[in-house]
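What follows is one structure encoded as structure tokens, with my remarks underneath.
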Amino acid sequence: MTKIVIVGGGAGGLELATKFGRKFGKKGKAEVTLVDRKASHLWKPLLHEVATGALDAGVDALSYRAHAKNHGFEFQLGSLQDIDRESKSITLSPMQDDNGEQIMPERILSYDILVMAIGSTSNDFNTEGVKDHCIFLDSPEQAHRFRNEMNNQFLKLHTSMEQKTVDIAIVGAGATGVELSAELHNAVKELKNYGFKDLDSAKLNVNLVEAGERILPALPPRISSAAHHELTKLGVKVRTGTMVVKADKEGLTTKEGELIPAQIMVWAAGIKAPDFIKDIAGLETNRINQLVVKSTLQTTRDDDIYVIGDLASCTQEDGSFVPPRAQAAHQMASHAYKNIVAQLNGQTLKPYVYSDHGSLVSLSNFSTVGSLMGNLTKGSMMVEGRIARVVYISLYRMHQIALHGFFKTSLMMLVGRINRALRPNLKLH
């Protein structure tokens, strides 16, 4: 029986495992295994909402093990340690508990087809002090850390006569940085309803720092300008053309020597693949550790290893690279599925062509801006307000439909509406 192993349960990896499980695993045509170092899945674009308490990860997270049982694949909890291309196997590292005691030994899984989908991490560009003093919103754990620190600072502000403001600095004005900046002001607005009567936006000092000339550099200039205008209206200090060279307990130091004071610092400037990927199995990588793939999404040095999502360095016909976006991971998962089936059946594989359906950025409850159908309109179809918000939410619904189907997703939407009536607007514990 064909063994298909997928490493990484992010948007693309989980969708692919679900599809293979339904089509092949349940029918006994293939043995499908998903590997992830976490026990549950949360859609990464939602992490900024988890960080501010606007979303409860405990409600929205999906259990890999339960999902695997329902969709015909096996789940293995563990971290990838190595790939042996000769024996066609992967090694998972031993797992330890918080006390250092081993709870799972090293394991070896064999494969016929391997799909690498472990995503990316934040790239600190080796900037001094960043690892020690900044939060990276790469995981639910980091998002929880941010929320705890944010709540502690608001409590200090509420009870102390000395502290006048909560100062938060965010480095990187891509989608994560911009959305988090807006969500913070929504959190202040909501907290005022839960006993923080003296709290208002004037006491929240958010600096959004971007080294480039404008925020949201991946989007068309007029969308970037619209988002900049909305953030400024909220009170966010948007600082473009500002490079950070150091982080310490006092805040961020810029190239010009200016100190940007901050009690909480978030680093959201750029991505890279995990460092251990750089030398793994002799596969070709680029300068940010991504695995280089052919147009078929197979690695350049092994046709039995596919790569999807942020981990893939995939060149398009015009010489540009497929951007690290959720929509690209979704598309790659669908295309990798078709190509793997074709490979198993001895058929011709087709090249992957990225289709830009536009980009949307949510400014919390205040606004949503973006462009739709980028390939057709070259990004010129700008949308904002309620329509943009509906489309933004629909992207998450598409991910849920890929995992659960239309009926279950409809039920989840209903439960979400009920929860909005029963639960507080912010996670307060």
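The values are calculated or read from the model by the stated rules, or taken from the named source; none is laboratory data. Because the structure is a prediction, the values reported are computed rather than measured. We place every Cβ from the backbone using ideal geometry, glycine too, and count neighbours over all the protein chains shown.
Beta carbons closer than 8 Å, at least 6 apart along the sequence or on distinct chains, pair a first residue in the stretch 404-415 that is closer than 14 Å to Ser394 by Cβ with a second that is among the basic types (Lys, Arg) and at pLDDT below 90 for Thr409/Arg397; Met413/Arg397. Within the stretch 285-328, which residues are part of a strand (DSSP E or B), in contact with a strand residue (DSSP E or B) (Cβ under 9 Å, 6 or more places away or on another chain) and either among the acidic types (Asp, Glu) or closer than 30 Å to Ile393 by Cα (or both)? Hits for the stretch 285-328 are Asp302, Asp304, Tyr306, Val307, Ala312, Ser313, Thr315, Phe321. When the stretch 10-36 is filtered for residues that are touching a residue at least 60 places away in the same chain (Cβ under 8 Å) and in a loop (DSSP other than H, G, I, E, B), only Gly10 remains. For the stretch 190-211, the candidate set comprises residues that are within 14 Å of Val236 (Cβ to Cβ) and buried (at least 19 other Cβ atoms within 10 Å of the Cβ); within that set, the residue that is modelled with the lowest pLDDT is Leu204.
On inspection, Thr33 passes the criterion of being out of contact with any helix residue (DSSP H, G or I) (no Cβ under 6 Å at 6 or more places or on another chain) and surrounded by 20 or more Cβ atoms within 10 Å (Cβ to Cβ). The residue pairs whose first member lies in the stretch 190-204 and is in contact (Cβ under 8 Å) with a residue 24 or more places away in the chain, whose second member is acidic (Asp, Glu) and surrounded by 14 or more Cβ atoms within 10 Å (Cβ to Cβ), and whose beta carbons are closer than 9 Å, counting only pairs six or more residues apart or on different chains, are Leu204/Asp167. Screening the stretch 395-423 for residues that are of a type in the set (S, T, N, Q) and modelled with pLDDT of 85 or more and picking the one that is nearest to Ala61 (Cα to Cα) gives Gln400. Among the strands (runs of 3 or more DSSP E) confined to the stretch 211-284, the ones with at least 2 residues that are touching a Lys or Arg at 6+ places or on another chain (Cβ under 9 Å) are located at 244-248, 251-254.
Rundown of residues vs (1) crowded, with 22+ Cβ neighbours inside 10 Å; (2) farther than 24 Å from Lys19 by Cβ, yes/no style:
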| position | (1), (2) |
| --- | --- |
| Lys249 | no, yes |
| Glu256 | no, yes |
| Trp267 | yes, yes |
| Ile288 | no, yes |
| Val292 | no, yes |
| Thr296 | no, no |
| Arg325 | no, no |
| Leu349 | no, no |
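Filtering Glu179, Glu230, Glu210, Glu190 for residues that are touching a His at 6+ places or on another chain (Cβ under 6 Å) and among the charged types (D, E, K, R) leaves a single hit, Glu179.
Reported count of residues in the stretch 168-216, each being within 18 Å of the chain's Cα centre (by Cα) and not aliphatic (A, V, I, L, M), is 7.
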